[in-house]
Amino acid sequence: MISRVLYTGRFDVASVDARCRQGLNPSHHLHAVPELRKRGYVVDVYGTPPGQATSGMAFQMGLFKAAQRYDAVIAHSLVEINALAALRAAGLFRTPIVAFVHSAEGRSVQRYTARGVDRVLAMNSRAMDVLEAAGIRPPRLQRFDFGAELSFYDPKDQPTEFVLSVGVSERDHACLVEASRISGIPVVIVGKLPQELQAQLPPQVQVLSQGNYDLSFERLLDLYNRARVVVVSHFGTAHPIGLNAMVEAMAMAKPIVLTRGAGIDINPEAGGFGRLVPPRDSQALASAMTDMFHAPDASLRAWSTQARAAAMGTYNSTRMADTLVAALNAL
């Protein structure tokens, strides 16, 4: 019977968890692990203290010692997955491992996951295919649909003013800025831009912070409510870049323009709430932004309804917690 669980991540998850416990951030920032507490599990977190690398010996030894006191470990990133899986495969670590795999392109994640992880939660179809080819198959391999904690998101019917982009990691801000330059559409970016790009922004592009965690959650929700369209522009990677922004935009009932890539399976065109554009194509992005930004209000309302419906039906923290519970029950 699994009752005590340790969640480990490659960033300062303790600080994020503390904010979740205070109601300052939704639990999907930790893959809905805090939702397990509502279902009777004891869940602690072990992350990287500020200034310490996950690859460091002190972090890995501390994780190894801590994890042995729990019934199961839920591992969030490649460093922890590889380290713990190698020890488990060698018979040196007995605690069962549930691992999130965002991208399975590297040989190390395929090798170590195949040898030492008990349940694998793949974040997209590409990861499912690669892991199955490496010999990891259902039921040991499960699909994990990431989603938002909907109770935190309250879409408002108010005037909309701009296109919004939220996020830092591997975003193609240069493509978005050029699309705004072509279209003339006002854009608000919550994220960090390269210095040379920041110095040459057109007047209709505004950068509010160095990242979405620099803003209060209330401020972020206000921006979502005031946005007419949300853009998730990235480089077409197999890693799920922009997935958090995607599910937040859907929870806020926002039409979305998304760069096509293997990392995110959500298709706003098929779902009836947005457009897909090719990577690094500022003309295509400008065209999609223009079409959606200037669409009639009736079209925007229809897209908004479909976006929120997708979040409520599939991409939410309750569904994430259901998948985690099923994985833990199977150990």
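The values are calculated or read from the model by the stated rules, or taken from the named source; none is laboratory data. Given the structure is predicted, the values throughout are model-derived calculations rather than measurements. A quick note on method: Cβ atoms are made from the backbone with ideal geometry, for glycine too, and the neighbour counts reach across all protein chains shown.
Could you list, in sequence order, the residues of segment 86-111 that are more than 17 Å from residue 45 (Cα to Cα) and over 23 Å from the mean Cα position of the chain (by Cα)?
Those that are more than 17 Å from residue 45 (Cα to Cα) and over 23 Å from the mean Cα position of the chain (by Cα): 86, 87, 88, 89, 90, 91, 92, 93, 94, 111.
All but one of (1) at positive phi; (2) surrounded by fewer than 18 Cβ atoms within 10 Å (Cβ to Cβ) hold for residue 217, so report the exception by its number.
Going through the list (1) at positive phi; (2) surrounded by fewer than 18 Cβ atoms within 10 Å (Cβ to Cβ), residue 217 breaks only (1).
For segment 300-316, indicate whether the set of residues that are modelled with pLDDT under 95 and either of a type in the set (Phe, Trp, Tyr) or under 19 Å from residue 254 (Cβ atoms) (or both) is non-empty.
No - not one qualifying residue is present in segment 300-316.
Here is a yes/no grid of residues against (1) surrounded by 24 or more Cβ atoms within 10 Å (Cβ to Cβ); (2) part of a helix (DSSP H, G or I); (3) assigned by TED's automatic domain parsing to the domain that holds residue 173:
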{"position": "244", "(1), (2), (3)": "no, yes, yes"}
{"position": "265", "(1), (2), (3)": "no, no, yes"}
{"position": "286", "(1), (2), (3)": "no, yes, yes"}
{"position": "299", "(1), (2), (3)": "no, yes, yes"}
{"position": "324", "(1), (2), (3)": "yes, yes, no"}
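Within segment 134-142, does at least one residue satisfy the condition of being over 17 Å from residue 327 (Cα atoms), of a type in the set (S, T, N, Q) and under 20 Å from the mean Cα position of the chain (by Cα)?
Among the residues of segment 134-142, not one is over 17 Å from residue 327 (Cα atoms), of a type in the set (S, T, N, Q) and under 20 Å from the mean Cα position of the chain (by Cα), which makes the answer no.
Looking only at segment 256-315, which residues are farther than 20 Å from residue 162 by Cβ, in contact (Cβ under 8 Å) with a residue 12 or more places away in the chain and of a type in the set (S, T, N, Q)?
Residues satisfying the conditions are 283, 305, 306, 314.
Does segment 186-197 include one or more residues that are at pLDDT below 95 and out of contact with any helix residue (DSSP H, G or I) (no Cβ under 9 Å at 6 or more places or on another chain)?
Within segment 186-197 (the criterion being at pLDDT below 95 and out of contact with any helix residue (DSSP H, G or I) (no Cβ under 9 Å at 6 or more places or on another chain)), the answer is yes, since at least one residue qualifies.
Take the residues of segment 14-35 that are among the hydrophobic types (A, V, I, L, M, F, W, C) and surrounded by fewer than 21 Cβ atoms within 10 Å (Cβ to Cβ): which is farthest from residue 154 (Cα to Cα)?
14
Given the criteria among the charged types (D, E, K, R) and at pLDDT below 85, does residue 35 qualify?
no
How many residues, within segment 102-152, are among the hydrophobic types (A, V, I, L, M, F, W, C) and under 24 Å from residue 313 (Cβ atoms)?
Result for segment 102-152: 11.
For residue 238, all conditions in the list (1) outside any loop (DSSP other than H, G, I, E, B); (2) modelled with pLDDT under 95; (3) in contact with a Ser or Thr (Cβ under 7 Å, 6 or more places away or on another chain) hold save one; what is the number of the exception?
It fails just one condition, (1).
If you check residue 241 against the conditions, is it free of Cβ contacts under 8 Å to residues at least 60 places away in the same chain and within 19 Å of the chain's Cα centre (by Cα)?
Taking the combined requirement at face value, the residue does not satisfy it.
If you go through segment 59-78 one residue at a time, do you hit one that is of a type outside the set (Ser, Thr, Tyr), free of Cβ contacts under 8 Å to residues at least 60 places away in the same chain, over 24 Å from residue 140 (Cα atoms) and surrounded by fewer than 12 Cβ atoms within 10 Å (Cβ to Cβ)?
yes
Quick check on my filter: what residues within segment 113-169 are basic (Lys, Arg) and crowded, with 21+ Cβ neighbours inside 10 Å?
119
Residue 320: assigned to a helix (DSSP H, G or I) and buried (at least 20 other Cβ atoms within 10 Å of the Cβ), yes or no?
yes
Each row is one residue, and each column tells you yes or no for (1) over 16 Å from the mean Cα position of the chain (by Cα); (2) among the polar types (S, T, N, Q); (3) modelled with pLDDT under 90; (4) at negative phi.
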site	(1), (2), (3), (4)
31	no, no, yes, no
42	yes, no, no, yes
48	yes, yes, yes, yes
51	yes, no, yes, no
62	yes, no, yes, yes
81	yes, no, yes, yes
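Which of the residues spanning segment 275-284 are among the hydrophobic types (A, V, I, L, M, F, W, C) and either modelled with pLDDT under 95 or assigned to a helix (DSSP H, G or I) (or both)?
The answer is 284, and nothing else.
Among the residues of segment 102-129, count how many are modelled with pLDDT of 90 or more and of a type in the set (Val, Ile, Thr).
Count: 2.
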